[in-house]
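Structure first, commentary second.
The values are calculated or read from the model by the stated rules, or taken from the named source; none is laboratory data. All of these numbers come straight from a predicted model, not from anything done at the bench. Note that we place each Cβ from the backbone using ideal geometry, even for glycine, and neighbour counts take in every protein chain shown.
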Amino acid sequence: MVVSEYFSTSDAALPKDLFTAEELADKAAVFSIAQNWISAFSKAVVTADATFFDGLFCDEAYWRDLIAFTNDYRGIAKPNIFQAATDRLGITKATKVSLVTDPAPSGVRAFPGHSFINAKFTFETALGPAFGLTRIVKTESGAYKAYVVMTCIDGVHGHPEHALQNRLEGGHNSRIPYAEQRSRELEDPQPTVLIVGVGHNGIDTAARLKAHGIKSLIVDKNQRVGDNWRNRYASLTLHDSLWGANLPYMTFPTCYPKYLSAGMLADWLETYTTALGLNVWLNSTVLKDETRYDEATKTWSVTVMRNGTTPYTFKVSHIVMATGLGGGKPRLPPPFPGQEKFKNTIVHSFGYKSGAPYEGKKALVVGTGSSGHDIAFDLYNNGANVTLLQRSPTFVMTLENGIETLNKGMYCDGGPPLQFADEMSETVPKIVAKTYFKTLIPIIAGLDKDLLDRLGQAGFKTWLGPENSGFMYLSMEKNGGYYFDSGACEHIANGDIKVKGEEIDYFTEDSVVFKDGSVLENPELVVLATGVTGFRESVAETLGDKAVKNLKQVWGLDEESELNSCFRDCGIPGVYFMVGALPLARFNSKIVAIQILAEQLGVFGPRYTIEVQKSNGISV
């Protein structure tokens, strides 16, 4: 019997690995197995046969659906697949299922003990075109069944994305110069969607909306596009390689370095918004007291103050909150006793710019996530005497061993097309990804063993993350607690950057006293790398307190290991949250744009959420 505990984040089990290397290498056999499974999938969805559909999955399986069947983000475990299929196949009306042959199905050995046949397929739903990916395993009976299936909406019927073969025609001999056209658009953008925040999430969403024929306006309090990166500390560099950091429709030049500096990314974001003709109002804020939602018309009335002068009021169907993880505001610990008497500088990591003024001086950095490491390294490189205060163990992996092992040739020169790499990365529910990571992270730690041992000898505490799952759940649940080594670890290991594993007790005028009684005399600088605030604060200051009352939890994982309220319903009508790293934004911005388009057209049906499935009763 299926019980409600299946809606949980318990570990995913891997099916037995019964493929031989020869079977995986036999392209004709692999193609035939994939084709047969896709044909069976087609029969199940076209006839809305829930029993047959359920039988396509092995006992350990998961079905990850992104809007296509459920109008929600769902990671449905095998015991719940039959009921979901019963409830949704007839509504979705999937047809025209077809195996994708470029790239062709392939046999994959992801790591020792886990093999599958990977295949992509397309289909249509009542809403629009869609695609799916399946990972097929061989069962003990010799049958071929899916371990993971991901289905994803890809558009709305009659409203193709204006890209590639569906790009707009353009025109000839316009009487109005392009510069004048853009000037008119910027002064009178007439948006139906307002986007708050001109970071990569807001920019990606604006680009996707424009490609779907929807007018939007991005508003941001900064002076330039990219200032959210440009105004951070000067040495900041992305820890993910540039292939994964690309934005939709326009990739980085092939001569760009593998790891981009924050300033370089900032300039690229500015270039991108100009090249794609996105409407951005800078030095602009939303006036929360003049922002309200009209239940009757299902629209928002939003007033924007631009350049501190004339307010502009817009009627929009949707608002996209793209203000960063936690709203992008510094989170400070409660003041320590005596902190107000400290005569030197205390600053949050958001306010730190450079270690140059601290050459030959003492500095204390509180926090050992990415910002804490980067800032400590920058201070050391500028000749400061740095102490790094570690309050809890940190997951650490090197870029060379960690990223290369996890990416497996996906995001690199010579790798698959970016879109397919994204689809492959998003195929598995995060609960399955956690199981994958629990296998791969110890392998990476073995490759990094010498460095990790030396860090331990220096007094720096490392661990392999929750249940040896590395950084993934730390990112999704805490948005911190990990570091991809870009140089700081060697200097921690050899003692150039000192480690203090203790809590601050109090400040004096010229020192920091720790709870073990030790004292750091006369630090010129204390940096609090203590993270960011919650989303409720950013909603309150943008949309007002009434909106906050309806806001669900944002970020963190739900019962099916999908992100709470991100790219989906957040509890506030007509509002979407676009949150997360560059690859996450690139992939999900399209799905958000499709949902907004469908809602504007009135063709988006009710969401089949976890709560709705539970209310329909538990199936046997």
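When region 341-359 is filtered for residues that are in a loop (DSSP other than H, G, I, E, B) and among the hydroxyl-bearing types (Ser, Thr, Tyr), the ones remaining, listed by number, are 352, 354. Restricting the first member to region 208-227 and to residues that are at pLDDT 95 or above, and the second to residues that are among the basic types (Lys, Arg), the beta-carbon pairs closer than 6 Å and six or more apart or on different chains are 208/590. Return yes or no: is residue 323 part of a loop (DSSP other than H, G, I, E, B), modelled with pLDDT of 95 or more and crowded, with 21+ Cβ neighbours inside 10 Å? No: the conditions fail for residue 323.
Listed residues 336, 377; which is modelled with pLDDT of 95 or more, aromatic (Phe, Trp, Tyr) and in a loop (DSSP other than H, G, I, E, B)? Criteria check complete, one pass: 336. The residue list 49, 26 contains one member that is assigned by TED's automatic domain parsing to the domain that holds residue 149 and within 30 Å of residue 594 (Cβ to Cβ), which is 49. In the set 156, 137, 149, only one residue is farther than 21 Å from residue 90 by Cα, surrounded by 18 or more Cβ atoms within 10 Å (Cβ to Cβ) and not charged (D, E, K, R); that residue is 137. One residue stands out among those in region 547-565 that are free of Cβ contacts under 8 Å to residues at least 40 places away in the same chain and either part of a helix (DSSP H, G or I) or of a type outside the set (D, E, K, R) (or both): the one that is surrounded by the fewest Cβ atoms within 10 Å (Cβ to Cβ), which is 549. Against the definition (β-branched (Val, Ile, Thr) and in a helix (DSSP H, G or I)), how does residue 530 come out, yes or no? Against the criterion (β-branched (Val, Ile, Thr) and in a helix (DSSP H, G or I)), residue 530 does not qualify. In region 492-508, is there at least one residue being surrounded by fewer than 18 Cβ atoms within 10 Å (Cβ to Cβ) and within 18 Å of residue 397 (Cα to Cα)? Yes, region 492-508 contains a residue that is surrounded by fewer than 18 Cβ atoms within 10 Å (Cβ to Cβ) and within 18 Å of residue 397 (Cα to Cα). Scanning region 163-190 for residues that are of a type outside the set (A, V, I, L, M) and over 18 Å from residue 210 (Cα atoms) yields 172, 173, 174, 175, 177, 180.
Put simply, of 86, 70 the only residue that is touching a residue at least 60 places away in the same chain (Cβ under 8 Å), more than 24 Å from the chain's Cα centre (by Cα) and under 17 Å from residue 608 (Cβ atoms) is 86. Listed conditions (1) under 24 Å from residue 547 (Cα atoms); (2) in contact with a Lys or Arg (Cβ under 9 Å, 6 or more places away or on another chain); (3) of a type outside the set (S, T, N, Q) are all met by residue 296, apart from (2).
Scanning region 436-488 for residues that are of a type in the set (Phe, Trp, Tyr) and assigned to a helix (DSSP H, G or I) yields 436, 437, 473.
Of all residues assigned to region 283-301, at least one qualifies as being assigned to a loop (DSSP other than H, G, I, E, B), polar (S, T, N, Q), modelled with pLDDT of 95 or more and surrounded by fewer than 19 Cβ atoms within 10 Å (Cβ to Cβ).
Conditions tested, residue by residue: (1) outside the structural domain of residue 125 (by TED's automatic domain parsing); (2) modelled with pLDDT under 95; (3) within 16 Å of the chain's Cα centre (by Cα).
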residue	(1), (2), (3)
540	yes, yes, no
555	yes, yes, yes
580	yes, yes, yes
587	yes, no, yes
591	yes, no, yes
595	yes, no, no
620	yes, yes, no
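The single condition from (1) touching a residue at least 40 places away in the same chain (Cβ under 8 Å); (2) touching an Asp or Glu at 6+ places or on another chain (Cβ under 9 Å); (3) over 30 Å from residue 563 (Cβ atoms); (4) surrounded by fewer than 20 Cβ atoms within 10 Å (Cβ to Cβ) that residue 29 fails is (1). Before we move on, is residue 369 farther than 20 Å from residue 538 by Cα, more than 32 Å from the chain's Cα centre (by Cα) and either modelled with pLDDT under 95 or not hydroxyl-bearing (Ser, Thr, Tyr) (or both)? So residue 369 fails the test. Residues that are of a type outside the set (S, T, N, Q), in contact with a Phe, Trp or Tyr (Cβ under 8 Å, 6 or more places away or on another chain) and surrounded by fewer than 19 Cβ atoms within 10 Å (Cβ to Cβ) within region 341-366 comprise 341, 342, 353, listed in sequence order. Residue 565 meets each of the listed conditions (1) modelled with pLDDT of 95 or more; (2) among the polar types (S, T, N, Q); (3) outside the structural domain of residue 322 (by TED's automatic domain parsing) apart from (3). Examine region 413-435 for a residue that is outside any helix (DSSP H, G or I), at pLDDT 95 or above and not basic (Lys, Arg), and state whether such a residue exists. Looking for residues that are outside any helix (DSSP H, G or I), at pLDDT 95 or above and not basic (Lys, Arg), one finds none in region 413-435, hence no. If you go through region 521-538 and keep only what is modelled with pLDDT of 95 or more and surrounded by 20 or more Cβ atoms within 10 Å (Cβ to Cβ), you end up with 523, 525, 526, 527, 528. Can you find a residue in region 558-565 that is over 27 Å from residue 211 (Cα atoms) and either aliphatic (A, V, I, L, M) or in contact with a Phe, Trp or Tyr (Cβ under 6 Å, 6 or more places away or on another chain) (or both)? The answer is yes, given that some residue of region 558-565 is over 27 Å from residue 211 (Cα atoms) and either aliphatic (A, V, I, L, M) or in contact with a Phe, Trp or Tyr (Cβ under 6 Å, 6 or more places away or on another chain) (or both). Inside region 570-592, residues that are closer than 18 Å to residue 542 by Cα and assigned to a loop (DSSP other than H, G, I, E, B) make up a count of 7. Here region 401-444 is the region considered, the condition is being surrounded by fewer than 18 Cβ atoms within 10 Å (Cβ to Cβ) and among the acidic types (Asp, Glu), and the residue that is nearest to residue 154 (Cα to Cα) is 413.
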